[in-house]
Amino acid sequence: QSRSGGPPSSSAAWIPQVSKLAGAIMDHTRYMVQQKINAPPSQREKAFQQQEISNLLWAWATSNRPGHDVFGSLAGVMMQQELDRQALPPPPPQQQYDTRGPKVHERRPQEWSNSVWAFATAQCYNKYDDLLEFVADLTEVEEFMHRFKPQEMSNTLWGVATLLSNQPDDVPLTDRVQQSALRIQRCVAREILGRAHEFKPQELANSLWSLATLGFGLEPTPDQSLNNYIVLKSDNLAEDRKLKQDFINAIVLAAEDKLRWAKAQELNNIAWALARLLEESTPDIDVILREIGFQLTDKRRKVTTQDIGTTLWAFATLSFVEPDVYRAVTSRLTQCDITRAKPQEFSNLVWAMATSEIEVLEDKDAFDTTLIRDDKRPKVSDPITMCFAMAAEELMHRPDQFKSQEIKDTLWSFSKVGIRHPNLFRSIAIHLVGEHEGDPCRGLSDFSPQGIGNMAWAFARQAQLCEEVGSRMRGSLQTGNSNGRLAVYTTSYFDIGQLLLHRFFAAISDNAIHNFKNLSMLKPQDLSNTAWSFGALGLRHDGFVENAIDQAQQKLEAYVHGDEALMNSFKGQEISNLLWTMATLNAPVGTLFDDITAFLRKLFRDEDGNNPPTAVEIAKHFKRQELANMAWSCAVFGYYPPDLISYLYTGMLGEGPDRSPEKIAEIFDDGGLQQQEVMSMIYVQLALEQNGLNGHLTLPPDFPGDWQLGNNAELSTSTTETSIELKLSTSRIQRTVSEAFDRIGFNHGEEHIITMADLQEEYGINLPPRQSEVLSIDIADVDAKIAIEVDGPAHYICHIDGTLDEGSDGYPKMNSWGKLEYQYTWDGERQRVNGPTALKHRLLTSLGWTVISIPFWEWYALEGDAVAEENYCKNLLAMAGE
């Protein structure tokens, strides 16, 4: 400006020019250094000294102008100079004690620390293995380690961890590199034990982060590989574990009074590292975590979504749950630029809330556009709900940027905390499988077995939450009244769309079969979660069902024969859910019951090998709801392995001195039996009696009485259809059917009830003579014992194998009360009777009733034509008579 005669510029326009000039200088310097290194010995000037080399490496790395060849060359020069120095004779004594400056024999840690740091920052892997091994040799010299300053130790650890964790796929992580890294970590960690109090917060955070990043003192597990975690191979794991714990204790003690000066990133690094290195929290760790949370709520400290997400993820992983801390930390999100946040930060946030079961307040229904009227949906006000809102918005806006695990974690979290978000789930279904057959889509191939299972569970749970919403927002609903299985079906179709939901779960099935080796790669929990989702939504994919049963049998058999690996070890809930699913879908299970019985024999066997188990032993593995579902499944399939049934009765009702409602409720800590559990036992007892298999198994004389939760003397007379109960209500279609039978002179009544007392007095069933309802018949001629069942959508499951008809989708319509209803367009081609309905028909038949089933679509097809309806009813009675 001066040369051109103008005034000096007050703007910053000169900065880019200086930046370009600086870059050119850095590049030219690197070129000149490479020229000097490559020159013949006769033309070389004085060699670079180690400090000059480390300064060059640091400068190029800091300015992001590295050259990998020159890095490797200079590292080689440094190492050769050190070897030459070591070969020199020791200096005279007077020189050893001369303090006027560094001597030729004196090693300076900064030069090696800076060099490792520079290689890591520049992500240079040319001769990095030689450098790490050389530094490992140096750190094992105790006198050399004592010279390290805190920042040099921290930088060295950070550089080693960063080099290995960012290693490209084409650079193998060799045993040599791993051992070098381990040696460095051990030496530096030991030095820090006595000097942690000298460290600044950043140095403490980086040191702890570095050991956690490389899994120091941890044992490799499949889950770590799945999360792309590195765990170095240790040749002395026991000592490394002890050193790890001592190191953590030293860092935590030193950090306690320094966190107030820590930056947000340093706070989240400490929290993350503790979660990675520890299996569980301790009171001392809780103190640090609480302080980290407190510091992050300080509005004077700048925070990012990464700081908040990573910290809360760490809290949840360590089971540190203090809702006020979570809520206060989450409230800082409003000061963050979420548009720049990474997807993992959102998934970490909501996953932490869900895992820690942080309560979502009254605004949790703010996103339910299916069930709640627009003018009645609450506004988002709670920081926790706001956090979920942000995660949903970003996932819908840029789903392609989210990894499969992040999608899974986000969806799972919404369902786990009980927040329904139909728009989110529909948008993800479209993203993954396309809105229509053949549309471009992401697919499911990059999802893990756990990811598939959790995501399927999340979709099914979203629909199940409809009844909770209905209870909370009864006067604000825009949909018609329904409950139980019908409500779940209808809500899932309103949310996603029938055809899209069917295609989505068909894709889950096909993916699990083809990409997970016929489901063999699914752990028992993944198998159970995925299967349960199909059962909850009434969807049956024969390929999935057959492979699920086959894999369950193989895993159970392997466990019984001694292979007790995690892949073969079922928990009680997993067995129960798998059986419940197959029973609900009315899918025959072959010899699965026998395999489960053999598995339980081994599971319940005590140290002396004694059987049978007591209720106390059974309660270690099962809840009574799980036992009830298994018992109900036996009734659905009409198969009752003696040992299995004995286990179920002992667990549900106790045996000997334990056979009392108070004692067994105390053992299981459940307060008593839920209504559906009571009904399960009645159905099973009835089925056993009818098949002559009851033997010594009976229900207590006072059942259900005090056995039921809340000590209700009788069952409610207005049961709702849950997972296994039979529905007692009169539908509109049932009334029109009844009117048609009236017109043809068929003598009948509606909603005929069969009680426990009826079963004992009229049918000779050994049940307590109580007026508790057991079975209901929609339309009944009691004298002729003709039962007419009008079966709506809740009585069926849908087959989703093969190509699905694009024209088979249902649609919403407004009923006469101004409420939305879902119009089912089923025609029976893909529908089959479900397990609860099949069991009811079987029980009625065993009691001497002739059961006539009227599928709702057949009645709808008559279109209200009175003559057609009457002829239809006459034909049904004629066929029943035949």
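A few remarks follow.
- Nonlocal amide H pairs with Ile786, under 5 Å, H built at 1.01 Å: Asp781, Thr850
- Pairs of Cα atoms nearer than 8 Å and 6+ residues apart set the relative contact order; for the chain it is 6 percent.
- Here's the list of lysines a cross-link from Lys36 could span, going by alpha-carbon distance under 24 Å and ignoring same-chain residues fewer than 8 apart: Lys46, Lys127.
- Bridging of Lys403 to lysines at a Cα separation below 27 Å is possible for Lys342, Lys364, Lys416, Lys517, Lys523, once same-chain residues fewer than 8 apart are set aside.
- Rounded to the nearest 10 degrees, the inclination of helix 264-277 to the longest alpha-carbon principal axis of the chain is 70 degrees.
- Rounded FRET efficiency, nearest 0.05, which uses the C-beta distance separating Leu361 from Ile744 and R0 of 45 Å: 0.20
- Remark: the Ala880-Glu140 segment gains 257.3 nm on full extension, using 0.36 nm per residue and subtracting the alpha carbon distance.
- Hits among aspartates and glutamates - C-alpha to C-alpha of Lys376 under 12 Å, sequence gap 8 or more where chains match: Asp363, Asp365, Asp368
- Extension gain, Val231 to Ala24: 0.36 nm times the residue separation minus the Cα-Cα distance gives 70.5 nm.
- Using the Cβ-Cβ distance between Ala47 and Leu193 with R0 set to 30 Å, the FRET efficiency from 1/(1 + (r/R0)^6) comes to roughly 0.20.
- At an R0 of 25 angstrom, the distance between the Cβ atoms of Arg107 and Lys200 translates into a FRET efficiency of 0.55.
- For the residue pairs Lys785/Lys874; Lys408/Lys571; Lys149/Lys244; Lys244/Lys602; Lys263/Lys379, alpha carbon separations beyond 28 Å are given by Lys244/Lys602; Lys263/Lys379.
- In order through the range 442-456: 3J(HN,Hα) via Karplus (6.51 cos²θ - 1.76 cosθ + 1.60), integer Hz, x for Gly, Pro: 6, x, 10, 5, 8, 8, 7, x, 5, x, 5, x, 5, 5, 4
- Backbone HN-Hα couplings from phi across the range 324-332 [Karplus 6.51/-1.76/1.60, Hz, Gly and Pro as x]: 5, 5, 4, 5, 5, 5, 5, 4, 6
- Cys187 accessible area, assembled protein chains, probe 1.4 Å, Å²: 20
- Per residue solvent-accessible surface (Å²) - the chain, probe of 1.4 Å: 44
- Accessible-area composition of the chain, carbon plus sulfur, in percent [1.4 Å probe]: 49
- For semi-axes √(5λ) of the Cα gyration tensor in Å, the value computed from the atomic coordinates appears in the list (1) 67, 32, 24; (2) 67, 28, 25; (3) 98, 31, 20 under label (1).
- In this structure Tyr493 has an accessible area near 10 Å², from a 1.4 Å probe over the protein heavy atoms.
- Between helix 201-213 and the chain: long-axis angle, C-alpha atoms, 0 to 90°, nearest 10: 60
- Amide H to amide H distances under 5 Å link Ile372 with Gln478, where only residues 5 or more positions off or on other chains count and H is placed in the peptide plane.
- The range 447-539 - percent relative contact order, Cα under 8 Å, separation 6 or more: 54
- For Leu673, residues with placed amide H under 5 Å, excluding near neighbours: Gln708, Leu709
- Trp857 contributes an accessible area of around 40 Å² to the protein surface, as traced by a 1.4 Å probe with all chains present.
- Shape of the range 343-502 from the C-alpha gyration tensor: oblate (a/c of 1.5 or more and a/b not above b/c, with a ≥ b ≥ c the square roots of its eigenvalues).
- Each part gets one Cα centre, and for the range 591-648 versus the range 469-540 those centres are 28 Å apart.
- Label reach from His397 (point 7 Å along Cα→C-beta): in the range 426-457, amide nitrogens under 17 Å belong to 427-428.
- Residue order for Thr156, Thr614 - accessible surface, 1.4 angstrom probe, largest first: Thr614, Thr156
The values are calculated or read from the model by the stated rules, or taken from the named source; none is laboratory data. Owing to the predicted nature of the structure, the values given are computational and were not obtained by experimental measurement. Quick reminder, even Gly has a Cβ in these numbers, built from the backbone with ideal geometry, and neighbours come from all protein chains shown. Accessible surface is based on the protein model in full, side chains and every heavy atom, while ligands, DNA and RNA are left aside. Shrake-Rupley method; radii C 1.70, N 1.55, O 1.52, S 1.80 Å.
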